[in-house]
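Comments concern the structure below.
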Amino acid sequence: MDLFLQQTFAGLAFGGIYACIALAVVMIYQATDHLNFAQGEMAMFSTYVAFTLLHHGVPYWWTFLLTMAISFVGGVLVERIIVRPVEGTTVLNEVIVFIGLLVIFNSLAGWIWDYTIKPFPSPFPKEAPFGIKFIGPHDFGVIGVTLVVLAVVFLFFRFTPVGLAMRAAAQNPDSARLVGIRVGWMLALGWGLAAAIGSVAGMMVAPIVFLEPNMMLGMLLYGFAGALLGGISNPVGAVAGGFMVGVLENWVGTYVPFVGSELKLTVALVLIVTVLMFRPSGLFGYVVVKRV
Amino acid sequence: MALLEVANLEAFYGQTQVLRGLSFKLEEGSVTTILGANGAGKTTTLRAICGMVRTNGEVRFSGERIAGRATESIVRHGIAHVPEGRGTFVRLSAEQNLKLGAYSRKDAAAVADDLERVYQYFPRLKERRHQQAGTLSGGEQQMLAVARGLMMRPRLMLLDEPSFGLAPLLTEELFRILGTIRRERQVSMLVVEQNASLALGIADEAYLLETGRIVMSGKARDIGRDETVRKAYLGY
């Protein structure tokens, strides 16, 4: 039973990280119908920014907020300068730009900070509160931080005029323009928000997997799996999917003997293929039905 | 000075020219209708005014040049375009749709008043205000689209086939409300309509469009009496 609880909560911690990435991916997908393959590398790059800030003595939580802010601005700039020229051209154009961004951020990080593995601190106390035994202190903190971030994002989209305008712009760009919404800027804002949410995932996972330019590659796969499982058309579903993938991955790794920790990433791929085969809209996704 | 002045307006979809030099004026507080067969360029005329297609020529709104500007800047001058097929935000609630209509306004208190007023015009929308727009009936969605346009407090409304897909009773109801809105709020309207007799009933001026050109213009009641128009568009 202890093992089960331990694995479940550790899974929830990773699930929170996947949920952040899934949400970031879905936000851009909703507005553009494309998966941003560079989402993970942007998060990795943000984590290096945090690493540098910490290195210069900025306290952790200031670093955390500053990194989110810098990532937000970075995301907006990437959209305005690099992505915008190919928007609405062909699918292939956009996908190639996304893959290009992935390679660029990966190489840039290696070039600036080199490829050696770096330790990244956890901001949480050495022991979990209330003497809880079945969950590590960092895992406990990760669940808390990701839940807070996801809640803030949810409130933003639910209750602020800008959040509402962003949803409108994603759903129906033409009608959004007709009520005076600057759709182009909403898209840029979406990129900024996605980058900021991704940076949280990066900073939370770095203490576990250590900081290096390739640390987010696997994470991105899990994020995709979460987004697909929950439903790529439904942000709340994607978040739920992220948590489910985290837990599922740990259960399978623990209880299915031949999987172990080596084949865990396969779980994500199997999930992606299964969902696409049997329920392409995901568990909570909207099935697009057109009236004629 | 006319509220809307269009001169030598041409519009293109890719290489295809759809409007071939339209010129007309719309006075403040008046209702103008554009009649014509399918493919004559009625919808394109409205889209061209709002900068949703590539255009040449001149469009002035209350004296200011608006041709060539971005749609979102044009509508902020006070032009509410109610597109054909409604264009509601189907996964947002009816009330969120209405609030988005007032997105460009900064006067929150007046927006709240207008929301109440719009609910008086369309009581059905008040009943359904928390329902997702996509789950409303066709008629309710059309009402929602018009109501969303009103939330902008527009000086000009561009109405594209407001009777599209509506039962005759609902269509009558909608045009009655449009008449009320026009009287009470002095909103000018440019109406594109398949149902020519309804449109002529509400309009002061009328233009007849054929393959991207204006072939006839005049007072709505004169056009309504014209023999050729009656035969071609009114069907009696």
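Residues in the stretch B:140-172 that are surrounded by fewer than 19 Cβ atoms within 10 Å (Cβ to Cβ) and part of a helix (DSSP H, G or I) were compared, and the one that is nearest to the other protein chains (Cβ to nearest Cβ) is B:L170. Cβ-Cβ contacts under 6 Å between residues 6 or more apart (or on different chains), taken from a first residue in the stretch B:130-153 that is farther than 18 Å from B:Q120 by Cβ to a second residue that is β-branched (V, I, T), are listed as B:A133/B:T88; B:A133/B:V90; B:G134/B:V90; B:Q141/B:T88. Report yes if A:V205 is β-branched (V, I, T), away from chain B (no Cβ under 14 Å), within 16 Å of the chain's Cα centre (by Cα) and within 21 Å of A:L54 (Cα to Cα), otherwise no. Yes, satisfied.
Among the residues of the stretch B:82-105, is any more than 22 Å from B:Q142 (Cβ to Cβ), of a type in the set (A, V, I, L, M) and buried (at least 19 other Cβ atoms within 10 Å of the Cβ)? Checked the stretch B:82-105: no residue is more than 22 Å from B:Q142 (Cβ to Cβ), of a type in the set (A, V, I, L, M) and buried (at least 19 other Cβ atoms within 10 Å of the Cβ).
The rows are residues; the columns are (1) part of a helix (DSSP H, G or I); (2) buried (at least 17 other Cβ atoms within 10 Å of the Cβ); (3) within 14 Å of another protein chain (Cβ to nearest Cβ).
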{"residue": "A:P85", "(1), (2), (3)": "yes, no, no"}
{"residue": "A:I96", "(1), (2), (3)": "yes, no, no"}
{"residue": "A:F105", "(1), (2), (3)": "yes, yes, no"}
{"residue": "A:I135", "(1), (2), (3)": "no, yes, no"}
{"residue": "A:I143", "(1), (2), (3)": "yes, yes, no"}
{"residue": "A:A151", "(1), (2), (3)": "yes, no, no"}
{"residue": "A:A176", "(1), (2), (3)": "yes, yes, yes"}
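Return yes or no: is A:G260 crowded, with 24+ Cβ neighbours inside 10 Å and farther than 27 Å from B:A133 by Cα? No.
Scanning the stretch A:92-127 for residues that are of a type outside the set (A, V, I, L, M, F, W, C) and within 21 Å of A:T52 (Cα to Cα) turns up A:N106, A:S107, A:G110, A:D114, A:Y115, A:T116, A:K118, A:P119, A:P121, A:S122, A:P123. Candidates are the residues of the stretch B:68-101 that are free of Cβ contacts under 8 Å to residues at least 60 places away in the same chain, in a loop (DSSP other than H, G, I, E, B) and at the interface with chain A (Cβ under 8 Å from one of its Cβ atoms); the one that is nearest to B:F12 (Cα to Cα) is B:A70. When only residues in the stretch B:25-67 that are more than 14 Å from chain A (Cβ to nearest Cβ), within 24 Å of A:R182 (Cβ to Cβ) and charged (D, E, K, R) count, which is surrounded by the most Cβ atoms within 10 Å (Cβ to Cβ)? Filtering first and then ranking leaves B:R60.
Read-outs: derived from the displayed coordinates by stated rules, not from any lab. As the structure is a prediction and not an experimental result, all values here were calculated from the model. Because the Cβ atoms are built from the backbone with ideal geometry, glycine has one as well, and the counts that use them run over all protein chains shown.
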